[in-house]
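Everything on this sheet refers to the single structure shown next.
Rule-based calculations on the coordinates, nothing more; no lab input. Just so it is clear, the model here is predicted, and its values are computed rather than measured. Positions of Cβ are backbone-derived with ideal geometry, glycine not excepted, and every protein chain shown enters the neighbour counts.
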Amino acid sequence: MNLTKLESQIKKTLKEIKLKKSDKILVALSGGKDSTTVAYTLHKFGYKIQGFHIDLKIGKYSEDCLKSIKQLCEDLKIKLYVYDMKKEMGAGMCYLRSGIQSCGKGTLKNCAICGVLKKSIMNKQARRLKVKYIATGHNLDDEAQTFLMNIMKGSPNLSANSGSITKNVSDKKFVPRIKPLFDVLENDIREYTKKLKLPVVYTQCPCALDSYRIQVRKFLNTLEEKDKQNILKYFNKVFPRLQTLKDSKLKYCESCGEPSRGKTCKKCKLLGLVK
Ligand code: AMP
Ligand code: ZN
């Protein structure tokens with residue numbers, strides 16, 4: 001694999017979203033290959049980045065992730081902020097998740113619950129740190145999966161939240177998210193981190209067992225690279241129309257004051273169950 005191919009794909013996306021070298025960016029680091037690649041390349045290209053990690057306290061897996069992230073930030077000489085779930089929320093992700101699931105929301109999958117809580121923490125911390133963007137490691141495979149999943153759920157308009165930048169939301173309490181790997185295939189990212197021997201945890205989160213995304217990923221992996229890219233091409237075509245269907249105005253959650261689409265935000269709805 002040509003390392004420069006991946007770097008040019010990222011540069012193209014950064015150009016499209018008009019990212020400036022002076023923009024302060026918080027990279028959401030999970031310890032996996034994708035977010036590690038985001039931090040490594042943005043740093044290499046001369047962007048101002050800081051790292052942010054939510055320590056989910058999922059046993060050895062979380063310990064390994066934190067160790068890799070600390071190594072990466074030390075190598076790149078960037079500041080790292082760590083949010084400790086147990087200290088800040090009183091419990092690790094596994095405990096909160098099983099509490100939520102046993103209190104009547106048993107149909108909610110592990111990854112869906114974790115995703116809602118992580119997004120909420122990320123936005124709050126990024127706002128406190130006064131950064132312009134949060135950069136995540138979502139790649140082309142993730143985006144194609146999300147697009148298909150939304151179609152299969154019968155809600156294609158949910159994809160209006162996707163894209164390489166969350167440009168449809170403008171609110172002073174909401175920190176926009178960017179996806180520098182929007183155009184990059186997962187396999188290319190794996191090869192890139194292995195060739196450069198970046199500190200990465202390659203094992204999957206032990207809680208990611210039952211997700212609908214895993215089923216969709218399996219299906220998409222039977223397709224050629226070209227077919228995946230065609231799905232994304234189609235997504236890019238319909239994206240402007242999807243956005244017009246959406247009410248882009250955010251409200252504030254009546255319980256915690258954070259940005260929300262409804263009266264109560266998703267995080268408060270979930271945590272309300274375990275009180
Ligand atoms: P996931 O929702 O696990 O597929 O992760 C999507 C993106 O969210 C990753 O590429 C990271 O940028 C970010 N992310 C995931 N887990 C964490 C975490 N524990 N701490 C900070 N950022 C995370
Ligand atoms: Zn709330």
Inset, instruction - Identify all lysines with a Cα-Cα distance to residue 197 below 25 Å; exclude those on the same chain that are fewer than 8 residues away in sequence. - result: 5, 11, 12, 33, 44, 48, 60, 67, 70, 77, 79, 179
Inset, instruction - Taking a cut-off of 15 Å between Cα atoms, list the aspartates and glutamates near residue 269, but don't count ones fewer than 8 places away on the same chain. - result: 254, 258
Legend entry - Cα convex hull volume per residue for the chain (Å³): 132 Å³
Inset, instruction - Give the relative contact order (percent, whole number) for the range 1-126; include only Cα pairs under 8 Å separated by 6+ residues. - result: 20 percent
Legend entry - Two-site FRET efficiency, residue 158 against residue 218, from Cβ-Cβ distance with R₀ of 22 Å, rounded to 0.05: 0.55
Inset, instruction - Mind running the shape call on the range 19-177? Use the C-alpha gyration tensor, a ≥ b ≥ c as the square roots of the eigenvalues: rounded below 1.5 for a/c, prolate if a/b tops b/c, oblate otherwise. - result: oblate
Legend entry - Computed [θ] at 222 nm, helices only, for the chain once each DSSP H run of length n ≥ 4 contributes -39500 (n - 2.57): -15500 deg cm²/dmol
Legend entry - Mean-position separation - Cα centroids, the range 27-92 and the range 230-244, in angstrom: 32 Å
Inset, instruction - Describe numerically, in nm with one decimal, the distance between label points set 7 Å from Cα along Cα→Cβ at residue 71 and at residue 15. - result: 3.4 nm
Legend entry - Span per principal axis, largest first, for the Cα atoms of the range 27-116 (Å): 48, 22, 19
Inset, instruction - Quick one: compute the contact order of the chain, relative version, from alpha carbon pairs under 8 angstrom and 6+ residues apart, as a percent. - result: 24 percent
Legend entry - Computed FRET value (nearest 0.05) for residue 130 with residue 203, which takes r as the C-beta separation and R₀ as 51 Å: 0.90
Inset, instruction - Show which aspartates and glutamates lie in cross-link reach of residue 132 when reach means a straight Cα distance below 15 angstrom and same-chain residues fewer than eight apart are skipped. - result: 23, 171
Legend entry - Close Lys-Lys pairs in the range 211-251, where close means Cα under 21 Å and separation is 8 or more or interchain: 7
Inset, instruction - Describe numerically, in nm with one decimal, the distance between label points set 7 Å from Cα along Cα→Cβ at residue 79 and at residue 245. - result: 4.2 nm
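Beta carbons within 10 angstrom, averaged per residue: use that to sort the peptides 143-154, 193-204, highest first.
Values: 143-154: 17.5, 193-204: 14.5.
The densest-packed peptide leads the list: 143-154, 193-204.
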Inset, instruction - Place the peptides 237-245, 211-219 in order of packing, highest mean first, counting for every residue the other Cβ atoms within 10 Å and averaging per peptide. - result: 211-219, 237-245
Inset, instruction - Grab the beta carbon distance between residue 63 and residue 3, set R0 = 30 Å, and tell me the FRET efficiency rounded to 0.05. - result: 0.50
Inset, instruction - Mind giving me the nanometre distance, one decimal, between the label points for residue 255 and residue 236, set 7 Å out from Cα along Cα→Cβ? - result: 4.0 nm
